[in-house]
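Some notes on the structure that comes next.
All of the numbers you see were taken from the coordinates with simple rules; none came from a lab. Given the structure is predicted, the values throughout are model-derived calculations rather than measurements. Virtual Cβ from ideal backbone geometry, glycine too; neighbours counted across all protein chains shown.
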Amino acid sequence: MLYIGCDVGGTNIRTAVVDENGKILGDARMRALMEKGPNVVLGQIADSFREALSRAKAKREDVIAAGIAMAGQHDSKNGICIFSPNFGWENVPVIPPLQEQFPVPMFLGNDVNLAAFGEWKFGAGKGYKWVVMITLGTGIGGGAILDGKLMLGATEMFAEVGHMTILPDGPRCGCGNHGCWEALAGRDAIVRRAIQKLQTGRKSSLLEIKNYHWRDLNPEIIAKEAYKGDEVARETIEETGYWVGIGVANLINIFNPELFIIGGRIALAGELLFGAIERTVKARGLSASWGPCKIVPAALGDDAGILGAVAYAMDKLGEEK
């Protein structure tokens, strides 16, 4: 039995043909032409299906279901993207036009929710029933599998954790609120924190590399210099771990998971980040909740979205039988 998983991002579309064990048999990747509108992008998705099938040396008839992971709020029952600010889409039918070309059961879900589901089914969360996951990137997204069931919420907006308030009078978030989690621990917050330190006149290898211009600096560079011993970079990563840890402690207190998975490119900062997160969780969380909970990095990397889309298709197909 074969499945198609598709991860649609603002920059790239990645599609793969996957077997029931999560093995990728063939994939396709292309730049998403978001500037040309939904119809063009949906055409690209269909083309990526064909290319992935070709590379997997499989036929459309071999595929029993497909899943699509996409940023935004969706009506999964009708396959409609209700709103995706990343794409500029509003009330765009996604599944109906694709099913005209690929008449198989097809399911649409939020990308971060499905990445969490993929980690639970095929990655770091395999074998657990109570799992919470966040992704650290430009923003902070989340997903949860509770007692083996993916949580979506009444309007499929479950786990918009990046917009829970951590510091009421904190920096303004892109959503318009102040002190949101991602305004304190997202990509721009990390860069801003490093630059503020540099602007006090402190010495740092970051100055030599990028001349402390915010457009040139990123969390990957900061983490790299932190491991080389740069104090400004190290403080920046550890302070980020503190802010991430406050949010993680809150979520562990609320959901009481067995496993907490942290993914996204910022999570690649490794032990400096995770050590600060764990120290903060132990200081601020309830020991009865964090004691039995493991905090681990995600395992699937760039494959989480497509494997999550496949896991979701498997799950929804099972519900229909």
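Give the order of Cys6, Cys293 when sorted by the count of other beta carbons within 10 angstrom, beginning with the fewest. Kindly include the intermediate steps, with their values, before the conclusion.
Values: Cys6 27, Cys293 21.
Least crowded to most crowded, the residues run Cys293, Cys6.
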Between segment 3-67 and segment 201-278, the Cα center-to-center distance that results, in Å: 33 Å
In degrees, nearest ten, helix 304-320 long axis to first principal axis of the chain (Cα): 50 degrees
Correct choice for Rg and Dmax of the Cα atoms in Å that was computed from the model, options (1) 20.2, 65; (2) 19.6, 60; (3) 18.6, 60: (1)
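On a 20 Å Cα-Cα criterion, which of the cross-link pairs Lys197/Lys224; Lys121/Lys316; Lys36/Lys316 come out too long? Write out the running numbers ahead of the final one.
Values: Lys197/Lys224 17 Å; Lys121/Lys316 14 Å; Lys36/Lys316 31 Å.
Beyond 20 Å between Cα atoms: Lys36/Lys316.
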Selection from Trp181, Ser287, Ile262, by position along the positive dipole direction of segment 164-321 (Cβ): Trp181
Helix-derived mean residue ellipticity, 222 nm - over the chain, DSSP H n ≥ 4, -39500 (n - 2.57), to 500: -12500 deg cm²/dmol
Zone residues, segment 254-271, relative to Lys129, backbone N less than 15 Å from point 7 Å out along Cα-to-Cβ: 256-259
Relative contact order %, segment 127-299, counting alpha carbon pairs below 8 Å whose residues are six or more apart: 23 percent
Segment 246-286: C-alpha gyration tensor shape, a/c 1.5 cut-off, then a/b vs b/c: oblate
For the chain, size of Cβ-based charge dipole, Lys and Arg +1, Asp and Glu -1, in debye: 500 debye
Principal-axis tilt of helix 271-284 within the chain, Cα atoms, nearest 10 degrees: 80 degrees
Kirkwood-type radius of segment 127-299, with distances r between different C-alpha atoms, in Å: 16.5 Å
Highest average packing first - 11-18, 92-99, Cβ atoms within 10 Å: 11-18, 92-99
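By count of other Cβ within 10 Å, fewest leading, how are Ile262, Ile254 ordered?
Numbers: Ile262 21, Ile254 13.
In increasing order of surrounding Cβ atoms, one gets Ile254, Ile262.
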Peptides ranked, highest mean first, by Cβ atoms within 10 Å: ranges 195-206, 69-80, 152-163: 69-80, 152-163, 195-206
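Provide the packing ranking of 54-65, 105-116, 307-318, i.e. peptides ordered by the mean count of other C-beta atoms within 10 Å per residue, highest first. It would help to have the intermediate numbers written out before the result.
Values: 54-65: 15.4, 105-116: 26.9, 307-318: 24.8.
My ranking of the peptides, most packed first, is 105-116, 307-318, 54-65.
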DSSP bridge orientation in segment 127-299 - percent antiparallel, rounded to nearest 5: 55 percent
Degrees, to the nearest 10: 38-56 long Cα axis against longest axis of the chain: 80 degrees
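On a full-extension model of 0.36 nm per residue, what is the gain between Asp19 and Gln199, subtracting their alpha-carbon distance, rounded to one decimal in nm? Intermediate results must be reported in sequence, preceding the final value.
Numbers: separation 180, 0.36 × 180 = 64.80 nm, distance 5.23 nm.
Between Asp19 and Gln199, full extension yields 59.6 nm more.
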